[in-house]
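K.L.:
Submitted below is the structure of interest, expressed as structure tokens.
Any read-out appearing in this document is the output of simple, stated calculations on the displayed coordinates, not a laboratory observation. These numbers were taken from a predicted model, which means no experiment stands behind them. No Cβ is skipped: glycine too gets one built from the backbone with ideal geometry, and neighbour counts run over all protein chains shown.
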Amino acid sequence: MNQKNFSEAAESVRNDLRLKTFPVAAKFLEEKKGYPEKTCWPSTTLGKRIALCQGVTMARNYGWTVGIGREDLVCVPAAIVFGMSDASSPPASLGRLFCDTGFSSGESTAEKEAASMSRFENGEIRAVLVAPLARTAFEPDTIVFYGNPAQMMRFAQAWSYVRGDRVPGHFGGKVECDEYLIAPFKTQSARMVLPGNGERIFAATQDDEMVFAIPGSALTDLIEGLKAAGKAVGARYPVTPYQNFQPDFPKAHKKLGAEIGVL
């Protein structure tokens, strides 16, 4: 797709589902080059390091293109899963962190969970670019949408309409940036994600927000599915409440209605 097509696709999805924030395109850079000229690199542009989920929030709320390399990243678990650390065994390091922060019952349990997570090998990528899909100047590896549960329902309906699979979820309640950014790219499949604890603290993700993420190559399928899924029964967002019925009121209403000729 070219930039015009991305813009049209983003607006189609955003308008169809009345999303509060911009859909986000993500790109994984093997070399730190070829990025848009006005990319915000937090360590230099802002003079500070950030959590990766903050970069996503900047893209989906401010409309910025944000580049996050090792020198821009202050979030230790994100650095581990995005291959931007010197951890000799990333699952072991992440597992130790889960234990030390009270999110796991023991070392073997923690390392088992960490090993199940999607990640890049150390040095596999140099940076992550995130930008509003409508303004992206690059071909996305992953596309991310934030919304409420009813909007997530429509995304799931759209995906299964075209692809014939149900949308998987892989929930841990923490370090979910791997699940909505890396997993769709690695598996070439959609993901439904519950944003984690740190994201809600540092990136201002709201209580009612969930994430739907797809590989960049699946955008056309998603739009087709949103237009067609449930059309025969009028399925859409907001969900329309059924109104073709006669309400049954309390006895006091019925008594007074009979006295004054209403019922």
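K.L.:
Could you compute the FRET efficiency for residue 232 and residue 11, with r as their C-beta to C-beta distance and R0 at 30 Å, rounded to 0.05? Mind dumping the intermediate values first?
P.N.:
Numbers: r = 25 Å, r/R0 = 0.84.
E between residue 232 and residue 11, to the nearest 0.05, is 0.75.
K.L.:
Once R0 is set to 30 Å, what does the formula 1/(1 + (r/R0)^6) return for the Cβ-Cβ distance between residue 204 and residue 105, expressed as a FRET efficiency to the nearest 0.05? Intermediate values should be presented prior to the final figure.
P.N.:
Values: r = 30 Å, r/R0 = 1.01.
The computed FRET efficiency comes out at 0.50.
K.L.:
Just flag the trypsin sites (Lys or Arg not before Pro) in the range 37-140 sitting in loop per DSSP whose Cβ has no more than 12 other Cβ atoms within 10 Å. Mind showing how you got there, number by number?
P.N.:
Numbers: sites: 38, 48, 49, 60, 70, 96, 112, 119, 126, 135; in loops: 38, 48, 49, 119, 126.
Sparse-neighbourhood loop trypsin sites (Lys or Arg not before Pro): 38, 48.
K.L.:
Still on this model: Could you compute the FRET efficiency for residue 45 and residue 157, with r as their C-beta to C-beta distance and R0 at 30 Å, rounded to 0.05? It would help to have the intermediate numbers written out before the result.
P.N.:
Working: r = 39 Å, r/R0 = 1.32.
It comes out at approximately 0.15.
K.L.:
Among 133, 73, 97, whose mean-square fluctuation peaks in a Gaussian network model of the chain (Cα, cutoff 10 Å)?
P.N.:
Looking only at 133, 73, 97, the biggest GNM fluctuation is shown by 97.
K.L.:
If the chain between residue 244 and residue 88 were fully stretched, how many nm would it gain, using 0.36 nm times the residue separation less the Cα-Cα distance? Mind dumping the intermediate values first?
P.N.:
Values: separation 156, 0.36 × 156 = 56.16 nm, distance 6.35 nm.
That pair, residue 244 and residue 88, stretches by 49.8 nm at full extension.
K.L.:
Next question, about the same structure. Taking the simple approach of a point 7 Å from Cα along Cα-to-Cβ for both residue 186 and residue 71, what is their distance in nm?
P.N.:
2.8
K.L.:
Tell me, how many Å apart are the Cα centres for the range 178-236 and for the range 127-171?
P.N.:
3
K.L.:
Okay, helix-only estimate at 222 nm for the chain: each DSSP H run of n ≥ 4 adds -39500 (n - 2.57), divide by all residues, round to 500 deg cm²/dmol; what do you get? Please list the in-between numbers first.
P.N.:
Values: 11 runs with 96 residues, N = 263.
For the chain, the value works out to -10000 deg cm²/dmol.
K.L.:
Just grab the label-to-label distance for residue 115 and residue 171, each label 7 Å out from Cα along the Cβ direction, in nm (one decimal).
P.N.:
Placing both labels 7 Å along Cα→Cβ, they lie 2.5 nm apart.
K.L.:
Hey, another quick one. What spacing in nm lies between the two simple spin-label points modelled at residue 18 and residue 220, each 7 Å away from Cα in the Cβ direction?
P.N.:
3.1
K.L.:
Can you tell me the Rg and the Dmax, both Å, for the Cα atoms in the chain?
P.N.:
In Å, with Rg to one decimal and Dmax whole: 22.1, 83.
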